[in-house]
Every structure is written in C-alpha cells, then in structure tokens.
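This report refers to the structure that appears directly beneath it.
The values are calculated or read from the model by the stated rules, or taken from the named source; none is laboratory data. Values in this document were obtained by computation on a predicted structure and should not be read as measured data. All Cβ positions, even for glycine, are placed from backbone atoms using ideal geometry, and neighbour counts span all protein chains on display. With ligands, DNA and RNA removed, areas are computed over all heavy atoms of the protein, side chains included. Shrake-Rupley method; radii C 1.70, N 1.55, O 1.52, S 1.80 Å.
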Amino acid sequence: MTTIPFGELGAIASATRRTLALRVLLGVAAVAAAAAVVALSRGGDATPALLPVDSDGLVVLDLSASISTDTYARIGATLDRLAGSGGRYGLIVFSDTAYLALPPGTPASELRPFARKFDLPGRTSGAIVVPTNPWSRSFSAGTKISTGLQLALDTIQQQRLGRPAVLLVSDLDDDVGDRERLTSTALSFRRLGIPVRVVAVNAAAKDAQYMARLLRRPAELSPASPPGEQRGLGRRVRLPLLFAALAAALALAIRELLVTRLERA
C-alpha cells in the first residue's frame with residue numbers, strides 16, 4: 001500500500017482517535033450481529049418452556065372428535081415443540097376415557113411419532129379430513145377433560161412423582177355433564193399444589209375463562225403456536241441481523257481499501 005510521509009501526525013491525533021473508535025464500533029457491531037445469528041440458529045425460539053425441563057411432567061392430550069383440522073395442526077406443532085425441549089415427560093390421551101400412552105420419565109423426543117399423527121393431508125375439497133390415531137376405536141365423539149386430568153393425578157400419586165407438572169392440550173370444549181367432575185379434579189390439583197398449564201388450541205373464550213377460574217391460573221392459559229410460527233419467527237429475526245453483520249463487515253472492508261494510512265516521516 002502506498003504511504004505518504006507526514007511530519008505533523010500529532011496535529012491530527014483527534015481525527016485519528018475518532019477514526020479508530022469508528023473502526024472498533026463497526027467491528028464490534030459485525031461480531032455481535034454474527035454471534036446473535038449463531039445463537040438464534042442454535043437456540044431456536046426464546047419462548048418459555050411449556051413444561052419445566054427438570055419436572056416430572058405429564059402431557060394430557062385431547063383427541064376428541066370435536067377438534068378441527070386447524071386445531072389438529074396446532075396440536076402437532078405443540079407436540080413438536082415439546083419433543084425438542086430435552087425434557088422427560090409422560091403422555092396421557094383422552095376423549096371420553098383416558099389412556100396412559102407414555103409413562104412418566106419418557107424422553108421428550110418420543111413425542112415426535114405422536115406429532116406426526118397430526119400431519120394433515122392436503123385438502124382437495126371442502127371436507128375436513130381428520131387423521132386417525134391408535135385410540136380412535138376406543139374413544140367416542142364426546143369430550144370429558146376430567147378423565148385425562150384425573151388419570152394424570154392418579155399417575156402422579158401412584159408413582160410418587162417428586163416434581164409433578166401437568167400440561168393440558170385441548171380445545172376445552174368439555175361436555176356439560178362433565179363439569180362437576182372436572183371442578184372436583186381441578187380442586188384436587190389446587191389443594192395438592194400441582195401446577196397445571198393449559199395450551200388452549202382454538203378454544204372458545206367462555207371455555208378458556210371457565211378453565212382459568214377452575215385452575216386460578218389465568219396466566220397459564222397459552223394459545224398454541226400455529227404450525228411453522230416459531231420457525232418463521234426465527235427467520236424474521238435472523239435475516240435482519242445477518243444483513244447488519246454483512247453491512248458492518250462491508251463498511252470495514254471499504255474503509256481499509258479507500259482510506260490511505262498516514263505514517264510519521
């Protein structure tokens with residue numbers, strides 16, 4: 001690189017410091033943006049865990065016929081999210097009766113085959129095609145949320161789980177005749193201090209409010225993420241950061257190419 005001898009470098013010391021500060025700032029911005037992109041790529045979304053990873057969690061999943069195509073897709077997305085959490089959970093499925101599909105302590109990754117049951121085929125007509133599941137013949141069209149929660153409570157007590165937590169995944173469209181038993185079961189969870197979180201998938205407002213009153217945990221009612229939403233969020237955040245990192249790096253490169261370095265004579 002061509003240099004220009006200059007004997008009064010001290011006279012431009014202030015400009016030199018400003019230039020150095022700008023260079024350092026651009027460099028830090030480029031490194032920080034790149035690091036953020038890498039962190040987001042590895043860590044996925046920053047939303048709270050549906051169940052504590054270190055808990056003896058039980059997922060209570062509604063498989064009643066009242067749920068719609070979109071609700072099925074949201075349930076699949078919720079199970080996918082749980083499967084990638086790194087926790088160890090049991091799984092209870094229910095409609096008008098309940099069944100323990102996975103025992104407590106099962107690696108969360110075992111939920112992925114269940115999530116695939118909710119992969120919907122393409123709709124070629126206006127008809128809703130609900131995917132089958134291994135319990136379709138055992139379940140009726142009715143919904144009794146109390147059966148799923150009661151089996152979860154029985155499992156917790158029988159297996160003496162030390163850090164119990166329950167996640168109910170449902171549209172909360174409960175049979176009117178089940179309300180009394182559901183109230184009793186919810187009171188048992190409250191009395192024992194066992195946390196119950198609800199992923200309300202396309203639930204009617206009145207049903208969500210009723211469940212919130214039962215559990216006295218309105219903050220725990222969370223709508224399920226639509227399919228692909230978390231991946232889409234990650235892309236929306238990563239791309240601007242990537243562009244910022246590239247812009248900072250480009251600015252540094254241009255400056256080094258165009259600005260002539262001054263040397264003391």
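Summary of values
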item: Qualifying residues in segment 66-78 (those that are open to solvent by less than 40 Å² (accessible area, probe 1.4 Å) and not aliphatic (A, V, I, L, M)) - the one modelled with the highest pLDDT; result: Thr78
item: Test: residue in segment 105-114 that is surrounded by 12 or more Cβ atoms within 10 Å (Cβ to Cβ), at pLDDT 80 or above and either over 25 Å from the mean Cα position of the chain (by Cα) or of a type in the set (Lys, Arg) (or both); result: yes
item: Flag if Ile92 is assigned to a helix (DSSP H, G or I), within 22 Å of Ala165 (Cα to Cα) and modelled with pLDDT of 85 or more; result: no
item: Subset of segment 177-211 [open to solvent by 20 Å² or more (accessible area, probe 1.4 Å), closer than 25 Å to Gly76 by Cβ and in a helix (DSSP H, G or I)]; result: Ala205, Ala208
item: For Gly126: the one exception among (1) part of a helix (DSSP H, G or I); (2) under 23 Å from Asp70 (Cβ atoms); (3) more than 22 Å from the chain's Cα centre (by Cα); (4) at pLDDT below 90; result: (1)
item: Residues satisfying the stated conditions in segment 163-213, i.e. in contact with a strand residue (DSSP E or B) (Cβ under 6 Å, 6 or more places away or on another chain) and not aliphatic (A, V, I, L, M); result: Arg163, Pro164, Ser170, Phe189, Pro195, Arg197
item: Index of the failed condition, Arg81 passing every other in (1) at pLDDT below 95; (2) open to solvent by less than 10 Å² (accessible area, probe 1.4 Å); result: (2)
item: Tally of residues being under 19 Å from Ile145 (Cβ atoms) and either open to solvent by 50 Å² or more (accessible area, probe 1.4 Å) or touching a Lys or Arg at 6+ places or on another chain (Cβ under 6 Å) (or both) across segment 84-104; result: 4
